[in-house]
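Colleague: Please see the structure below; I have some questions.
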Amino acid sequence: MTEQSLSVRDAIIQRRSIKLFNGELVDRDTLVSIMEDALWAPNHQMRQPWRFIAACGEEGLTELHELLKEYGIPKWKELSEDALEKQMQKFKNPGAYLFVIVPEDARQKERLEDYAAASMLVQNIQLLAWEKGIGSCWKTPGFLDNPKFREALGVHTGERIISMFQVGYYNEAPQPKPRKSIEEVVTFFGNQK
């Protein structure tokens, strides 16, 4: 895909979660540029409650793939080489990964605010990547909470991984899925006509 100039509205409406990446790598400079701009997400009291662990390039992705194989494929040691390779394709096709990490604030209000702010950051990443012809998909597999996976990835005590964010180029965007109508989701309060 090529970079395109989109209005905010077009980016929001046209963006799709991409699950079928074509394997082309996302270079580090492009990834950093997207993250840099995404940091303008609104956040409560300017806490900026996020950090990233990024994997891109041949070397970074190869190391991450080994980690994902160990924790993301149950009983991987018992699989044949072909079966293991087939299972690994879901991890190998994205051109980069971002793990979005937030503090686990003991105060519920702040914890929810931090999660909401980080979610807006992720939306910014999705829209900025889409404008560059790069797709993404927010994943939350159960192994993100595995203490050994967290340690191997470099996540600290008191932090939570909220997203294993796959990023990459794609050949075809999926068709849009139906959305609820505005009438189904809005109630106007009071005596409004």
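Colleague: Ignoring ligands, DNA and RNA, please state the percent of accessible area on the range 1-64 from carbon and sulfur, probe 1.4 Å.
Modeller: Reported share for carbon and sulfur atoms: 51 percent.
Colleague: What is the packing order of peptides 10-17, 51-58, taking the mean over residues of other C-beta atoms within 10 Å and listing the highest first?
Modeller: 51-58, 10-17
Colleague: Take the alpha-carbon centre of the range 56-132, take the same for the range 143-168, and report the distance between them in whole Å.
Modeller: Using only Cα atoms to place each centre, the spacing works out to 8 Å.
Colleague: Might you report the magnitude of the Cβ-based charge dipole of the range 86-193 about its Cα centre, with Lys and Arg at +1 and Asp and Glu at -1, to the nearest 20 debye?
Modeller: So the dipole magnitude of the range 86-193 works out to roughly 380 debye.
Colleague: Another question, then. Express in % the proportion of alpha carbon pairs of the chain at distances exceeding 26 Å.
Modeller: So the pairs more than 26 Å apart make up 40 percent of the total in the chain.
Colleague: Here's something else I'd like to know. Taking a probe of 1.4 Å, how large is the accessible area per residue of the range 63-193, in Å²?
Modeller: Counting only protein heavy atoms, the per-residue value for the range 63-193 is 61 Å².
Colleague: If you don't mind, another one. How much length is gained if the chain between A152 and Q123 is pulled fully straight, taking 0.36 nm per residue apart and subtracting their Cα-Cα distance, in nm to one decimal? Intermediate results must be reported in sequence, preceding the final value.
Modeller: On the way: separation 29, 0.36 × 29 = 10.44 nm, distance 2.67 nm.
Length difference between fully extended and current span is 7.8 nm.
Colleague: How far, in nm, would the chain grow between L112 and I13 when pulled straight, counting 0.36 nm per residue and subtracting the alpha carbon separation? Intermediate results must be reported in sequence, preceding the final value.
Modeller: On the way: separation 99, 0.36 × 99 = 35.64 nm, distance 2.64 nm.
Length difference between fully extended and current span is 33.0 nm.
Colleague: Membrane-span-like helices in the chain: DSSP H runs reaching 18 Å or more (Cα, own axis), mean Kyte hydropathy at least -0.5?
Modeller: Qualifying helices: 108-131.
Colleague: Using a Gaussian network model on the chain with a 10 Å cutoff between Cα atoms, which of W138, W50, W76 fluctuates the most?
Modeller: For the chain, modelled as a Gaussian network with Cα springs under 10 Å, the answer is W76.
Colleague: Still on this structure, please answer the following. By how many nm would the segment from V32 to E159 lengthen if fully extended, with 0.36 nm per residue of separation less the alpha-carbon distance? Please list the in-between numbers first.
Modeller: Numbers: separation 127, 0.36 × 127 = 45.72 nm, distance 2.19 nm.
So the chain would gain 43.5 nm between V32 and E159.
Colleague: Compute a Gaussian network model of the chain, connecting alpha carbons closer than 10 Å, and tell me which residue from P94, P178, P147 fluctuates the most.
Modeller: P178
Colleague: Now for a separate question. Exceeding 21 Å between C-alpha atoms, which entries from my cross-link table qualify? They are K139/K177; K132/K180; K86/K132.
Modeller: Beyond 21 Å: K132/K180; K86/K132.
Colleague: In addition: Before rounding to the nearest 500, sum -39500 (n - 2.57) across all DSSP H runs of length at least 4 in the chain and divide by the residue total; then give [θ] at 222 nm in deg cm²/dmol.
Modeller: That calculation yields -13000 deg cm²/dmol at 222 nm.
Colleague: Run the 1.4 Å probe and let me know the accessible area of T187, rounded to the nearest 10 Å².
Modeller: Only protein atoms counted, so the area is about 130 Å².
Colleague: What's the carbon and sulfur percent of the range 70-133's accessible surface, probe 1.4 angstrom, rounded to a whole number?
Modeller: On the range 70-133, the fraction of accessible area on carbon and sulfur atoms equals 51 percent.
Colleague: Sticking with this one: Any chance you could tell me what percent of the C-alpha pair distances in the range 6-117 go past 23 Å? Walk me through the numbers before you get to the answer.
Modeller: Numbers: 2998 of 6216 pairs.
For the range 6-117, the fraction of Cα-Cα distances above 23 Å is 48 percent.
The values are calculated or read from the model by the stated rules, or taken from the named source; none is laboratory data. Please read all numbers here as calculations on a predicted model, not as lab measurements. Counting neighbours? That spans all protein chains shown, and the Cβs are built from the backbone with ideal geometry, glycine included. SASA here: full protein model, heavy atoms, side chains in, ligands and nucleic acids out. Shrake-Rupley method; radii C 1.70, N 1.55, O 1.52, S 1.80 Å.
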